[in-house]
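Working notes, structure below.
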Amino acid sequence: MSKIAFVFPGQGSQVVGMGKDLYEYSQAAKEIFDQADQALGFSLSTLCFEGPEEDLRLTENTQPAILTASIAALAAFREKFPEVSVDFVAGHSLGEYSALVAAGALSFEDAVKTVRLRGQFMEQAVPAGQGAMSAIMKMDREVIQSICQEVEATGHPVQLANLNCPGQIVISGSAEGVRLAGEKAAEQGARTIALKVSGPFHSSLMAPAAERLKGVLAEVNVQDAATPVVANVSATAITEAAVIERSLIEQVASSVLWEDSVRYMIAEGVTTFVEIGPGSVLAGLIKKVDRKLTVRNVSDVKTLEELVDGGVLC
């Protein structure tokens, strides 16, 4: 029997208006947005529904906003289709917190408060302009890894940050390190795209943020996961609370092994992936790993209605 995985998007999937239709359609989704507003002490729901976009794009706002929109979509899905079970959950970077809420390892209230702080810590870890990230297209990871090591040997930090899918890898580090690595990659035929981000996420420069997050997570009630969670840092399933907490701390300054995570779930028998949250970034990446997979997205009411009615998630 084929297996199902729920996957949750990370930063970059935000859009003004996200979750508004679910808020109006589903009592369960509305309750999630209301909980977020109460937990954070301001109207995150208004920011999601109405913007302004420049405020929604601030990392400390983006992270709780995407988490809330994702869990609201999950709540609406479970409200309508309680019979659907899931075999694995996973999330891309920030999305791992949504996956952990889905797996019962974190309460939503703890998660939304934690990612708000996580966003602040990541923003504050490196002074503005000193870090950067770039996507490297159409180049093998071994070649990019070699280039990064060569640049780092000159004293400019740069590492593989997101291993998203074949031919798409994001590098992160100091502005100079990312520039030099991008130039070397371009010389070997790769296409490089500078990303509009506020810091060098998932690089060694995020170590101060990881250390501060460690103190926050020490006060959070992390529980064993009821559903296996495929962790970014290891691309394997984890369920133990202590391992989950350690993975979340390591994740801030480590590579997101997304392609490896997808391949792990495929090897475990997953043939259907459902992206739960705003946008369809992960659906696109998963299809680039294996086009034969069934990939669906739950981001609006119409899709929610169609998923089970179409026999995809029986």
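The values are calculated or read from the model by the stated rules, or taken from the named source; none is laboratory data. Model, not experiment: these values are computed from the prediction. Don't worry about glycine lacking a Cβ; one is built from the backbone with ideal geometry, like all the others, and counts go over all protein chains shown.
Observations
- Scanning the stretch 223-243 for residues that are in contact with a helix residue (DSSP H, G or I) (Cβ under 8 Å, 6 or more places away or on another chain) and closer than 11 Å to residue 104 by Cβ yields a total of 5.
- Under the condition of being surrounded by 15 or more Cβ atoms within 10 Å (Cβ to Cβ) and among the β-branched types (Val, Ile, Thr), the residues counted in the stretch 16-47 number 2.
- Only a single criterion out of (1) surrounded by 18 or more Cβ atoms within 10 Å (Cβ to Cβ); (2) not in a helix (DSSP H, G or I) is not satisfied by residue 72, namely (2).
- Taken as a whole, the condition of being at pLDDT below 95 and assigned to a helix (DSSP H, G or I) does not apply to residue 37.
- The residues on offer are 190, 231, and the sole one that is aliphatic (A, V, I, L, M) and more than 17 Å from the chain's Cα centre (by Cα) is 190.
- Neighbours by Cβ (under 8 Å, 6+ apart or cross-chain): first from the stretch 21-39, within 18 Å of residue 114 (Cβ to Cβ) and of a type outside the set (D, E, K, R); second surrounded by fewer than 17 Cβ atoms within 10 Å (Cβ to Cβ) and modelled with pLDDT of 95 or more: 35/109; 39/109
- When the test is whether a residue is assigned to a helix (DSSP H, G or I), under 14 Å from the mean Cα position of the chain (by Cα), buried (at least 16 other Cβ atoms within 10 Å of the Cβ) and in the same structural domain as residue 102 (by TED's automatic domain parsing), residue 261 passes it.
- Residue 140, sole failed condition from (1) closer than 16 Å to residue 298 by Cβ; (2) free of Cβ contacts under 8 Å to residues at least 24 places away in the same chain: (1)
- Filtering the stretch 136-149 to residues that are over 23 Å from the mean Cα position of the chain (by Cα), over 10 Å from residue 184 (Cα atoms) and not aliphatic (A, V, I, L, M) leaves 142, 146, 149.
- Annotation: residue 166 fulfils all but one of (1) surrounded by fewer than 18 Cβ atoms within 10 Å (Cβ to Cβ); (2) in contact with a strand residue (DSSP E or B) (Cβ under 9 Å, 6 or more places away or on another chain); the unmet one is (2).
- Screening residue 79 against (1) in a helix (DSSP H, G or I); (2) within 17 Å of the chain's Cα centre (by Cα) leaves a single unmet condition, (2).
- Residue 131 vs. criteria buried (at least 21 other Cβ atoms within 10 Å of the Cβ) and within 19 Å of the chain's Cα centre (by Cα): no
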